[in-house]
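The values are calculated or read from the model by the stated rules, or taken from the named source; none is laboratory data. Just so it is clear, the model here is predicted, and its values are computed rather than measured. Every residue, glycine among them, receives a Cβ derived from its backbone with ideal geometry; neighbour counts consider all protein chains shown. With ligands, DNA and RNA removed, areas are computed over all heavy atoms of the protein, side chains included. Shrake-Rupley method; radii C 1.70, N 1.55, O 1.52, S 1.80 Å.
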Amino acid sequence: MSGLLDGKVALVTGSGHGIGRGHALELAKHGATVIVNDLGTSLDGQGTGKVADEVVQIIEDRGGKAISDFSDVGDEESVDLLVERAYSQLGRLDIVVNNAGIVRDRAIWNMGVDDFDLVMRVHVRGSWLTSRAVARKWREESKETGDKVYGRIINTTSGAGLQGHFGQTNYSAAKAAIVGLTQTLSLELASIGATVNAISPGGRTRMSATMAGAAAPIEPDERSEDEFDPKDPSLGSPVVAWLASPEAGHVSGQVIKALGENIQWLKGWTPISAVSNGGKRWDANKLGTIMGVDVFGTRASGLRLGG
C-alpha cells in the first residue's frame, strides 16, 4: 500500500467487474477504504448478484480494507441510505467514483423507450443521485466547520459520449450528459473545496465483449502489475487514484481520456471558425456560400465536411 489515499473512504459504483473493479483495487492499493457498490445485474440491467463480495475479498486478501454494497444507484432512497451508511459505519466519505452502467444497444428505429430510459437511469440519474447525496454532506460539513472539505467526485464518460457510436443513442446521450454534469458540479462545489472530473477509460470489458468479433473481457485481478496489455480495463485506474488524491486538488471540471499507455486532456466544443454579419440578421438564402467557404472551409480548400 502506497499511502497516497491513506485515511480516505471511497465509493466506487459498478465496481464488480471490469473498469470499476480496477478502480476499486487501485484505490485500495493506495490506502483508501473502498465501498464496493454493485447491484450484480446483467449487462442490460437484469437480475442481481453478489459480485461485490468477490472484489472485497480480493482487496482484503491483498491487505486492504473494503465493504460490499448492493444498492441500486438509480433509486433515490437507496443512494441516500448508502451515503448515510458510509458516514455511520466509516465516519466519512471523501471520494465518489461514478462508474455504474448498463447497455441496451439498438439502432434508434429498433430501440424501445424502456431501453433509453433504463440506460439514462443508471448512468445519468445514478451519477447525479450519488453526487447530490455526498454534496449535501460535504456542504453541511463546510458550513459547520467554516472550512473547505476534502471531496472528490470522478465521473465516467466514454468515446461514445464524446464522439457518438452507432446503435447507442441512449448510451452516447448518457455519457455526453455526464460531461455536462461534471462541468456544472465542478462550478457548484468549488466554493466548498470539492473537485469534480470525468475520465474516459476503456479496455476489454463485459460491454466491449458484446460487440461482434470482440475478445473475452479481462478482469483486472487476473494479471500482475508487471504485465501490460493495452486492453486491460484497469489501465486508467491510476489516473482515478491520482484525481482522488490530495495532489489533484487544483484539478476540477476536466475530462481526461486514459486508454492503454496514453493519457489525453480533452477540451470539447471550442470554436473552430467564426463569421460575423456586422450586426445584421442572417439571410438563409445567402448562407450556403458563407457556411461552405468561411465556416466549414469545404469549398475554398477542397476539404470534405468532417474530413
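Taking the Cα centre of the chain as origin and assigning +1 to Lys and Arg Cβ atoms and -1 to Asp and Glu Cβ atoms, the resulting dipole is close to 1400 debye. Compute the FRET efficiency between ASP80 and ASP114 as 1/(1 + (r/R0)^6), taking r as their Cβ-Cβ distance and R0 = 22 Å, and round to the nearest 0.05. It comes to 0.30.
Against the chain, whose longest principal axis comes from its Cα atoms, helix 169-189 is set at around 70 degrees. For LYS50 and LYS286, the difference between the fully extended length at 0.36 nm per residue and the C-alpha to C-alpha distance is 78.7 nm. With a Cα cut-off of under 25 Å and a minimum spacing of 8 residues unless on different chains, the lysine pairs in the chain number 20. The C-alpha atoms of the chain define a longest principal axis, and helix 51-61 lies at about 60 degrees to it. Surface calculation, 1.4 Å probe, protein heavy atoms: GLU77 sits at approximately 130 Å² accessible. Rolling a 1.4 Å probe over the protein heavy atoms gives the stretch 9-266 an accessible area of 44 Å² per residue. Taking Cα atoms only, the orientation of helix 126-145 departs from the longest principal axis of the chain by about 70 degrees. Divided by 2.2 N^0.38 Å, where N counts the residues, the Cα radius of gyration of the stretch 242-294 comes to 2.02. Using a Gaussian network model of the chain in which every pair of alpha carbons under 10 angstrom is joined by a spring, one finds that among VAL179, VAL295, VAL97 the greatest mean-square fluctuation is at VAL295. The value for the chain of Rg(Cα) / (2.2 N^0.38 Å) is 1.09.
Taken along the Cα-to-beta-carbon direction at a fixed 7 Å, the label points for TRP265 and LEU187 span 2.1 nm. DSSP beta bridges confined to the stretch 9-266 are antiparallel in about 15 percent of cases.
Ligands, DNA and RNA left out, the accessible area of the chain computed with a 1.4 Å probe is 52% carbon and sulfur.
Within the chain, what is the longest stretch that has no trypsin sites (Lys or Arg not before Pro) placed in a DSSP loop and near at most 13 other beta-carbon atoms within 10 Å? Here the longest run is 63-222.
Calculated from DSSP H runs of 4 or more alone, at -39500 (n - 2.57) each and per residue, what is the 222 nm mean residue ellipticity of the chain, nearest 500?
-10500 deg cm²/dmol, from helical runs alone.
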